[in-house]
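Structure record follows, encoded as structure tokens.
The values are calculated or read from the model by the stated rules, or taken from the named source; none is laboratory data. Everything quoted here is computed from the prediction, not taken from an experiment. Don't worry about glycine lacking a Cβ; one is built from the backbone with ideal geometry, like all the others, and counts go over all protein chains shown. Ligands, DNA and RNA are excluded from the accessible area calculation, which covers all protein heavy atoms including side chains. Shrake-Rupley method; radii C 1.70, N 1.55, O 1.52, S 1.80 Å.
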Amino acid sequence: MANPLAPKSQSAASSLGLLILRVTVGVAMCIHGYPKVENLTDWMSAMPNPAPGYLQAAAALSEFGGGIALAAGLLTPLAALGIACTMGYAAYFHFTSGHPHIAGSTGGPSYELALAYFAAAICVLFCGPGKASIDGMMWKRS
């Protein structure tokens, strides 16, 4: 049985594309999650029905820690799964709250960015981290 953490074999071009995607999304998720990590269990307090503290902590750690791991390509499937779950819920939350797909000129809430992060995380989850990753170095194929 294949190791689910071992990266799939890929060309140099697809590995470069995955590197760019991983680093871009990983850094953005890390920056997005940092303020939440500072207030781990109560960052949703301004919302009408905040999630329980342990779910807020899981989401914050998924964004911040998962972003670092995704950018580095370390335990990539786990990082991508955590980000996909968190961003999938965020997109669902915004959609069911009646927010538009794309924010208007006023810059209000929308589900566009959460959906884009969700799609990127699913892409990395299915394609793997690429050769230019810590996972790729740890699981070198001969």
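Enter the accessible area of Lys36 (Å², nearest 10), with the probe set to 1.4 Å and all protein chains included.
Estimated to the nearest 10 Å², Lys36 gives 30 Å².
Quick one: compute a quarter of the convex hull surface over the Cα atoms of the stretch 10-106 and quote it in nm².
Dividing the Cα hull surface by four gives the mean projection, 7.6 nm².
Below 13 angstrom from the Cβ of Ala28, what's the summed charge of the other residues (Lys, Arg +1; Asp, Glu -1)?
Values: positive: Arg22; negative: Glu63.
Net charge in that neighbourhood comes out at 0.
Expressed as a rounded percentage, what relative contact order does the chain have, with Cα pairs under 8 Å and six or more residues apart?
33
Report, in deg cm²/dmol and to the nearest 500, the calculated mean residue ellipticity at 222 nm for the chain, where each DSSP H run with n ≥ 4 adds -39500 (n - 2.57) and the sum is divided by the residue count. Display every interim value, and only then the final one.
On the way: 5 runs with 89 residues, N = 142.
-21000 deg cm²/dmol, from helical runs alone.
Counting Lys and Arg as +1 and Asp and Glu as -1, each charge on the Cβ, what is the dipole of the chain about the Cα centre in debye, to the nearest 20?
With Lys and Arg at +1 and Asp and Glu at -1, about 560 debye.
Tyr54 versus Ser14, label points 7 Å from Cα toward the beta carbon: distance in nm?
Here the answer is 3.9 nm between the modelled labels.
Could you tell me how far the Cα centroid of the stretch 54-85 sits from the Cα centroid of the stretch 95-138, in Å?
12
What is the angle, in °, between the Cα long axis of helix 12-38 and the longest principal axis of the Cα atoms in the chain? Nearest 10 is fine, range 0 to 90.
Tilt relative to the chain: about 40 degrees.
Full-extension gain between Thr96 and Leu40, please, as 0.36 nm times their residue separation minus the C-alpha to C-alpha distance.
Full-extension gain reported as 17.7 nm.
In a shell of Cβ-Cβ distance under 14 Å around Leu19, excluding Leu19 itself, what net charge do Lys and Arg (+1) and Asp and Glu (-1) give?
Once positives and negatives cancel, what remains is +1.
Relative contact order of the stretch 51-95, please, whole-number percent, based on alpha carbon pairs below 8 angstrom and at least 6 residues apart.
With pairs under 8 Å counted, the relative contact order is 34 percent.
So what J values fall out for the stretch 83-94 if you push phi through Karplus, 6.51 cos²θ - 1.76 cosθ + 1.60 with θ = phi - 60°, rounded to Hz, Gly and Pro as x?
The phi angles translate into 5, 4, 5, 5, 6, x, 5, 4, 5, 4, 4, 5 Hz.
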